[in-house]
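Right, one structure below, let's go through it.
The values are calculated or read from the model by the stated rules, or taken from the named source; none is laboratory data. Quick caveat, the model's predicted, so the values are computed rather than measured. Virtual Cβ from ideal backbone geometry, glycine too; neighbours counted across all protein chains shown.
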Amino acid sequence: MSTITPSATHKQIASGDLDPVYLVLGDDAVETAEMADAFQEVVDDGLRAFNVVRLHGGEATLGQVIDAARTLPMMAPRRIVIVLRAERCLVPKRESRATAADLEEFEAYLADPHPHASLILVAGDLDKRRSITKRLLKTATVVTCGVLDTLADAERWVRRRVSAEGMSIAPAAARLLAAQVGPDLTRLRGDVERLLLFAAGQSSIGVKDIREIAGPAVAHDDWAVARAIEHGQTAQALKELALVLESGAAAYMVLGQLAWVVRTKLPSGRLPDAVEALFRTDLALKSSAGDHRVLLERLVLELCGEGLGGAGGRQPQGRRVVG
């Protein structure tokens, strides 16, 4: 099994050199559907009617999926078979001899997929205990959607989303929006939807539009906390955290940003303790075990390497850490 990011997948699609089987996973239905649609770009527009097949797991059987993948392409080097809600045909509601036979045949196909086709299975939640899921995760190229790792990923996502609506966006405007929101897909999607409504009737979006929809509420650089932690600036990180929270930012938004710092910026030697601190804070926030601001302050201290409660540890002055 190989796991690749959406941006790496788009590079494969642009090159035309695709793997035989892809498993596209993610909770965001819009993002996974857009990822699946991108695969048809390897087939010339005029030939897609003959070489791109779209099936739905709630209606198609695995046998039909296999037949579609085995069919030779017409006047094109490759055939694309996209299966949405693939979990519904991988695990049918009613099991029978026919579904068992289809499953056995599908496992045989995974062991020796046809080189002329790329099978794109789009699924939400798969039961990893089932043998077919294990086989897929072992043999397919897994594309995990709903994750943006960098600001560059966020900027590319903004451009793709705006382009999908038939509009263009200036590079500086896309960069500005990505920098304001960060690689947080949920927030980014919301801001882009507001932007598209605001700019309805325009052919292009500029920096002025971004500033109009952002307004003073997001004038503060939310990612200043992340940068301060990255550079080990404890006092600055706590100051920026206070500014973010006082501007009305939700605790879970801040936690998501801090998780991004851990995932992409911290050295490997600090990851175990940092991940443990993240999980502990997440659990405390969900269970309301303490003041949200205090919990986040404690997490910021730990991510800056200060630690709490042991030798050399300290707590934010003027506050008592609880939970």
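Close Cβ contacts (under 9 Å, 6 or more residues apart or on different chains) running from residues in segment 243-259 that are over 15 Å from Gly182 (Cβ atoms) and among the small types (Gly, Ala, Ser) to residues that are in a helix (DSSP H, G or I) and at pLDDT below 75 comprise Gly248/Ala217.
Figure legend. Inter-residue proximity from segment 300-311: first residues within 10 Å of Ala277 (Cβ to Cβ) and modelled with pLDDT under 50, second residues of a type in the set (Asp, Glu) and outside any loop (DSSP other than H, G, I, E, B), beta-carbon distance below 7 Å, spacing 6+ or different chains. Indicated pairs: Leu308/Glu302. Among the residues making up segment 90-119, those that are closer than 19 Å to Thr141 by Cα and in a helix (DSSP H, G or I) are Leu90, Phe106, Glu107, Ala108, Tyr109, Leu110, Ala111.
Looking across segment 64-100, the residues that are closer than 20 Å to Asp127 by Cα and either among the polar types (S, T, N, Q) or exposed (fewer than 15 other Cβ atoms within 10 Å of the Cβ) (or both) come down to Lys93, Arg94, Glu95, Ser96, Thr99, Ala100.
Does Ala164 meet the test of being in contact (Cβ under 8 Å) with a residue 24 or more places away in the chain and surrounded by fewer than 19 Cβ atoms within 10 Å (Cβ to Cβ)? The answer is yes for Ala164. Summed over segment 138-173, residues that are closer than 30 Å to Asp112 by Cβ, modelled with pLDDT of 90 or more and not hydroxyl-bearing (Ser, Thr, Tyr) total 4.
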